[in-house]
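Participant: Structure in structure tokens, see below.
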Amino acid sequence: NQKREWEGKLQPACPFCRHPSPKTQEEAKIKFMKRVEKNDPVAMTHFGRKRCREGNYDTAFEYFAKAAELGDVEAYYNLSHLYREGEGVEKDEKKEVYHLEEAAIAGHPTAR
């Protein structure tokens, strides 16, 4: 399908849902939030990082925890950072190491 998209025979589509790519930022936000609502761990981790950049660590923690529960490697790594810095949670070296090890075992390059 990707070859046909490049040749112009198919309209570019989302690799996850195969719907046409969004044409505006507003459409993109709506599609992204649908992925979060459907518990897409990659989208949840991305959403958690956005919340971290805004300083909303409590919400970021919730999204990272859910994404990690669903097996997202990046979420485990981000949780280890929150526990190390005490952002949104109390500092906890044991939990930091646990999440860092989970990320490393799953192949996260920085965690290794």
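The values are calculated or read from the model by the stated rules, or taken from the named source; none is laboratory data. Note that this is a predicted model, so its numbers are computed, not measured. Using ideal geometry, Cβ is built from the backbone for each residue, glycine included, and neighbour counts are taken over all protein chains shown. Surface areas here come from the heavy atoms of the whole protein model, side chains and all, with no ligands, DNA or RNA. Shrake-Rupley method; radii C 1.70, N 1.55, O 1.52, S 1.80 Å.
To keep it simple, each residue is scored yes or no on (1) within 22 Å of Leu82 (Cβ to Cβ); (2) of a type outside the set (A, V, I, L, M).
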| position | (1), (2) |
| --- | --- |
| Gln25 | no, yes |
| Lys29 | no, yes |
| Val36 | yes, no |
| Pro41 | yes, yes |
| His46 | yes, yes |
| Cys52 | yes, yes |
| Gly55 | yes, yes |
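Participant: Scan (1) modelled with pLDDT of 95 or more; (2) open to solvent by less than 60 Å² (accessible area, probe 1.4 Å) for the single condition Ala111 breaks and write down its number.
Facilitator: (1)
Participant: Which of the residues belonging to region 78-105 are under 18 Å from His46 (Cα atoms) and open to solvent by 60 Å² or more (accessible area, probe 1.4 Å)?
Facilitator: Passing the criteria: only His81.
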